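The values are calculated or read from the model by the stated rules, or taken from the named source; none is laboratory data. Here the structure is a predicted model, which is why all the values come from computation and not from measurement. Cβ coordinates were reconstructed from backbone atoms using ideal geometry, including for glycine residues, and neighbour counts include every protein chain displayed. Calculation scope for accessible area: heavy atoms of the full protein, side chains included, ligands and nucleic acids excluded. Shrake-Rupley method; radii C 1.70, N 1.55, O 1.52, S 1.80 Å.
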Amino acid sequence: MLATSIKILNEHYQSLNNEGIDVIQGLTQSPKTLPPKYFYDDRGSELFEQICELPEYYPTRTEAWILRQYADEIAQITGACELVELGSGSSTKTEFLLDAYEKLASYCRYIPIDVSRGILKSSVIKLQQKYPTFFIEGLIGTYEQALIKLESTFAASRLIFFLGSSLGNFNPRECDDFLKQITKTLQVGDYFLLGIDLQKPKEILEPAYNDTQGVTAAFNINILSHLNWRFQGNFDLKLFTHQAIYNEIDAQIEMYLHCQKSHKVSLEALDLQVLFADGESILTEISRKFDLVIMQKQLEIHGLKTLKAWTDPKHLFGLILCQA
């Protein structure tokens with residue numbers, strides 16, 4: 001019998017105290033912002049999986065190529081250990097790692113963590129069927145909630161991995177705080193595997209976030225739909241358009257929703273009313289692009305020593321394996 005398990009890290013997952021303050025702060029400041037975690041309701045997660053298949057969107061297939069090539073080497077370096085994935089999504093790329101660790105030991109503990117209940121549940125069921133001797137426990141929650149919970153658990157040896165260049169969604173201060181938390185969660189000798197999107201010309205970057213099929217636009221606008229049902233809102237999705245630009249000074253993609261008409265939005269569960277001016281924008285996401293050498297130095301500052309780094313032949317993407 002398959003021992004699938006899904007747990008909610010925060011029992012008050014949908015409460016205002018835990019999920020609404022950041023929305024209020026973002027929509028009442030100037031310029032307006034929204035936290036990218038609200039992309040990932042079940043519909044948003046489905047759209048992101050579609051984005052990963054787009055011809056313009058190189059990160060997923062490039063990182064998958066690196067994992068396919070080097071997963072066995074990663075497993076050999078770390079040995080058998082507990083595997084913890086932050087922002088697991090469908091865990092499709094993760095199967096390269098799970099295959100590699102299955103060669104080392106018939107038993108493995110894999111903990112995927114995601115904010116989207118639907119995609120997490122389906123991926124756990126699928127993976128438990130494919131790897132019946134593994135213990136797989138999905139945790140619903142944010143990175144912060146996951147890392148705090150993991151601090152209190154003991155594992156003989158652990159690999160935390162953070163793929164897809166999701167680190168790029170953090171500004172420099174948030175990135176620093178995140179790496180501090182990673183270091184705090186790991187014991188001496190544990191491992192951290194990080195995927196990062198590397199710096200490259202905007203002629204490659206901007207099309208990856210403004211695809212011709214409009215999937216990224218639908219993904220971006222869906223954040224408003226998510227806020228509508230979660231917080232009893234009345235965003236009119238037709239009044240907003242998507243745009244992503246590459247900020248070459250800060251080396252980051254910036255994704256915006258542009259308001260097309262002056263109007264007022266209410267979010268009843270937050271007791272919030274927001275005025276939008278014609279042409280006003282909401283910054284919904286940044287996606288920073290990194291220098292591989294500089295990132296390794298930053299990791300080392302946090303006590304994470306690089307053991308090995310890999311890239312693809314075009315140097316579009318990087319994968320760094322560190323040890324605490």
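Considering only the stretch 17-68, state which residues are open to solvent by 60 Å² or more (accessible area, probe 1.4 Å), in contact with an Asp or Glu (Cβ under 6 Å, 6 or more places away or on another chain) and aliphatic (A, V, I, L, M). Of everything in the stretch 17-68, nothing turns out to be open to solvent by 60 Å² or more (accessible area, probe 1.4 Å), in contact with an Asp or Glu (Cβ under 6 Å, 6 or more places away or on another chain) and aliphatic (A, V, I, L, M).
Only one entry in LYS264, LYS289 is under 18 Å from ILE51 (Cβ atoms), out of contact with any Pro (no Cβ under 8 Å at 6 or more places or on another chain) and not acidic (Asp, Glu), namely LYS289.
I'm checking my understanding of the structure. Among residues of the stretch 192-215 that are in a helix (DSSP H, G or I) and out of contact with any strand residue (DSSP E or B) (no Cβ under 7 Å at 6 or more places or on another chain), which one is surrounded by the fewest Cβ atoms within 10 Å (Cβ to Cβ)? Filtering the stretch 192-215 for residues that are in a helix (DSSP H, G or I) and out of contact with any strand residue (DSSP E or B) (no Cβ under 7 Å at 6 or more places or on another chain), the one surrounded by the fewest Cβ atoms within 10 Å (Cβ to Cβ) comes out as GLU203.
For LEU267, are the conditions met, namely being open to solvent by 60 Å² or more (accessible area, probe 1.4 Å), of a type in the set (A, V, I, L, M, F, W, C) and in contact with a strand residue (DSSP E or B) (Cβ under 8 Å, 6 or more places away or on another chain)? When the stated conditions are applied, LEU267 does not pass them.
Checking every residue in the stretch 284-292 against the condition of being open to solvent by 60 Å² or more (accessible area, probe 1.4 Å) and out of contact with any Phe, Trp or Tyr (no Cβ under 6 Å at 6 or more places or on another chain) gives at least one match. The helices (runs of 4 or more DSSP H) found entirely in the stretch 73-191 that carry 1 or more residues being in contact (Cβ under 8 Å) with a residue 60 or more places away in the chain, open to solvent by less than 10 Å² (accessible area, probe 1.4 Å) and touching a Gly at 6+ places or on another chain (Cβ under 8 Å) are 117-130.
In the stretch 300-309, the count of residues that are closer than 14 Å to GLY168 by Cβ, open to solvent by 30 Å² or more (accessible area, probe 1.4 Å) and in contact with a helix residue (DSSP H, G or I) (Cβ under 8 Å, 6 or more places away or on another chain) is zero. Condition check for ILE21 on (1) at pLDDT 95 or above; (2) closer than 29 Å to PHE276 by Cβ: one failure, at (1).
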